[in-house]
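A quick write-up on the structure given underneath.
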Amino acid sequence: MISKIILASQSPRRKQLLEWAEVPFEVLVSDAPETYPTDLSFEEIAIHIARNKAQKVMEQHQPQLPVLAADTIVVCEGRIIGKPTDKADAISIIQFLSGKTHQVITGVFVQFDKHSKSFADTTEVSFYPLTNDQIEFYVDKYKPYDKAGAYAIQEWIGVVGIQSIKGDFYNVMGLPVSKVVQLLAAE
């Protein structure tokens with residue numbers, strides 16, 4: 001097992017998940033753009049963005065520890081649902097997801113000293129139909145502007161609005177931490 005890693009993320013949820021798993025880490029934030037070639041699959045997009053984040057941290061800091069980066073995307077009806085730009089966009093996104101099943105895909109990339117490993121994990125999330133009052137309440141109270149898909153499963157909307165999930169709950173929070181721990185343990 002690796003003794004310590006660099007987390008190339010400012011996500012409080014990813015920090016929390018690594019802490020819960022008792023993986024020692026320090027944070028070095030990457031300012032890599034979240035852009036990607038248009039010919040990639042959804043899984044490849046998430047890994048591509050995660051790889052860019054890790055490589056940017058490697059370039060800027062030359063850390064002596066493995067660098068872990070992740071990127072989470074939400075896909076519904078064949079399109080990527082990004083982070084909302086404002087309140088109206090957040091409401092619109094959740095209205096679109098209401099009553100539907102979507103995929104949450106997290107790409108994980110770990111740069112070791114002389115090699116790297118990557119994978120993508122997909123979780124299917126189904127929402128109950130939500131009322132406009134419920135959606136506005138959630139957006140007003142929780143301000144999910146930094147979240148792909150405009151929601152966090154561990155907040156109120158996940159408690160009252162999620163009908164079912166198929167896959168890793170923690171993947172929806174932003175990191176399939178059990179798979180990350182297995183990957184690190186294999187090194």
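The values are calculated or read from the model by the stated rules, or taken from the named source; none is laboratory data. In this text the structure is predicted, and so the values were computed from the model without any measurement. Counting neighbours? That spans all protein chains shown, and the Cβs are built from the backbone with ideal geometry, glycine included.
Per-structure values
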| read-out | value |
| --- | --- |
| Tally of residues being at pLDDT below 95 and of a type in the set (A, V, I, L, M) across region 126-164 | 1 |
| Residues located in region 105-140, provided they are part of a strand (DSSP E or B) and among the aliphatic types (A, V, I, L, M) | I105, V108, V110, A120, V125 |
| Region 51-67 residues that are in contact (Cβ under 8 Å) with a residue 60 or more places away in the chain, paired with ones that are part of a helix (DSSP H, G or I) (beta carbon under 9 Å, 6 or more apart) | P66/L184; V67/K53; V67/A54; V67/Q55; V67/V57; V67/M58; V67/H61 |
| Where E59 falls short, out of the listed (1) among the charged types (D, E, K, R); (2) out of contact with any Lys or Arg (no Cβ under 8 Å at 6 or more places or on another chain); (3) within 16 Å of A148 (Cβ to Cβ) | (3) |
| Which listed residue, of D86, D113, is modelled with pLDDT under 95 and out of contact with any helix residue (DSSP H, G or I) (no Cβ under 8 Å at 6 or more places or on another chain) | D113 |
| Residue satisfying all of: in region 88-107; touching a Ser or Thr at 6+ places or on another chain (Cβ under 6 Å) and touching a residue at least 40 places away in the same chain (Cβ under 8 Å); surrounded by the fewest Cβ atoms within 10 Å (Cβ to Cβ) among these | Q103 |
| Selection from region 67-87 of residues that are of a type outside the set (V, I, T) and buried (at least 21 other Cβ atoms within 10 Å of the Cβ) | L68, A69, A70, D71, P84 |
| Region 156-187: number of residues that are under 15 Å from the mean Cα position of the chain (by Cα) and surrounded by fewer than 18 Cβ atoms within 10 Å (Cβ to Cβ) | 4 |
